[in-house]
1. In what sequence do ARG72, ARG301 fall when counting other Cβ within 10 Å, fewest first?
2. Below 8 Å, C-alpha to C-alpha, sequence gap of six or more: please give me the relative contact order for the chain in percent.
3. If neighbour count is taken as other Cβ atoms inside 10 Å, put TYR289, TYR12, TYR66 in order from fewest to most.
4. Can you give me the relative contact order of the stretch 43-144 as a percent, contacts being Cα pairs under 8 Å and 6 or more apart?
5. Relative to the Cα centre, what is the charge dipole magnitude of the chain, using +1 at the beta carbon of each Lys and Arg, -1 at the beta carbon of each Asp and Glu, and rounding to the nearest 20 debye?
6. If I model a spin label at LYS245 and ASP205 as a point 7 Å from the Cα along the Cα→Cβ vector, what separation in nanometres do I get?
7. Based solely on its DSSP helices, what 222 nm [θ] is calculated for the chain when runs of n ≥ 4 H residues each add -39,500 (n - 2.57) and the sum is averaged over all residues, nearest 500 deg cm²/dmol?
8. Name the most mobile residue of ILE298, ILE92, ILE196, meaning the one with the largest mean-square fluctuation, in a Gaussian network model of the chain with Cα contacts below 10 Å.
Amino acid sequence: MVMELGVGIVGYGFIGKVQTYAYRSLPMFYDVLPFKARLVGVCDVNRKAAEQGMEQAEFQCCATDYHELLKRKDIQVVHCCTPNIHHKELLIAAAEAGKHIYCDKPLAINAPEAREVLAAVRKAGVKHQMGVEYRFIPAVLRARQLIDEGFLGRVFSFRCQYLHASYIDPNRPLSWRLDRKVAGGGALLDMGPHPIDMILYLLGDYAGVMALTETCIKDRPVVDESGRRAAVEVDDIALLQVRLKNGAVGTIEASRLATGANDELRFDIHGSQGAISFNCMDPNWLSAYDCRDADAPIGGRRGFKKIETVQRYPPPATLPVPKQAIGWMRYHVASVCDFLLHIAQDTPTCPSFEEGARVNEIIDAAYRSSTEGRWIDL
Ligand SMILES: NC(=O)c1ccc[n+]([C@@H]2O[C@H](COP(=O)([O-])OP(=O)(O)OC[C@H]3O[C@@H](n4cnc5c(N)ncnc54)[C@H](O)[C@@H]3O)[C@@H](O)[C@H]2O)c1
């Protein structure tokens, strides 16, 4: 039997549009699903944005106050796409209204708020999932399979980076992402959840962190006609050394000042038996190095091999066919589909808000480490 799931999107800015596209395109990417997602309501404090959402995606209703969506019985799923500061209040209210919730990262602006959200969803017994779509790239799914199979042997070390060049222009004006009151943090809180979550997913939990955060461009223009500049309150770059509970050590970097980068999430993982390497700007391939390959004569077959993960999603994905090149929007479709499948089949979600809250704890510890100049245990 096909379950009807009415969806309410809160925040119709950049990611709100991306996620609306994901829900709308589900029936095209998957022929057979145990649910039917319907776009019921869109909310944005900016009325024009809410109305645009209704027009673009044919939602049944729009609102400027998300409580209007929470009151509706035909909405079972609430998707949080607002700036970070609003996450806690919305997520707790949605849980209390009995809605299943998907939250685009980060879960909250800090660990105490994340714990409040976690307590609310546990009490309400609703399903909850984080939007960290890079987990849903076939190359990353394959990386996790290889690690689970023991391909790497003992993992010694890794590096994982998430790099943007979005703020290298010192005259780019201040935005909510640079306002500590709205964003809660800088590159570490905005971009850090992706590489921190990636290592959590691939290699397991963290044991300690030693971090350095830096604001390189100290002031920027204010968004008004005055020509005035104001201080930047948050970090542009975060560099973390981390220790994992399994003994592996590594580095994580989040930067908005990585000149030449577009949207670059990449990792290298080195183990006693092999290594893997990935860059989401080249997302059709997972590179794998196998120490068991013969290295003679003249190097034998030893060396990094490109595994063609392309678009080889497991069923029930049907479109495009597996050989066709993959792109960023597709990961969001896969992630949202995964969440709705868990609701329809009543199975545990992953990554849940538990993992989202853990990422907030690691980020809080990294900020503390940067301030105090010492390792923080986790
Ligand atoms: N998963 C990802 O890869 C990814 C990518 C981008 C953004 N995000 C996350 O999504 C969230 C939004 O980021 P964005 O880039 O879409 O920002 P944005 O500024 O483009 O859009 C935010 C929208 O939310 C609206 N809004 C603000 N307060 C609101 C409230 N209380 N109720 C309803 N609407 C409200 C704004 O008017 C705006 O239209 C952030 O938490 C960000 O970290 C995740």
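Values in this text are rule-based calculations from the coordinates and carry no lab data. What you see is a predicted model; the values in this text were computed from it and never measured. Don't worry about glycine lacking a Cβ; one is built from the backbone with ideal geometry, like all the others, and counts go over all protein chains shown.
1. If I rank by nearby Cβ atoms, fewest first, I get ARG301, ARG72.
2. 20
3. TYR289, TYR66, TYR12
4. Answer for the stretch 43-144 is 20 percent.
5. Charge dipole of the chain: 440 debye, to the nearest 20.
6. 0.3
7. -10000 deg cm²/dmol
8. Maximum among the listed residues: ILE298.
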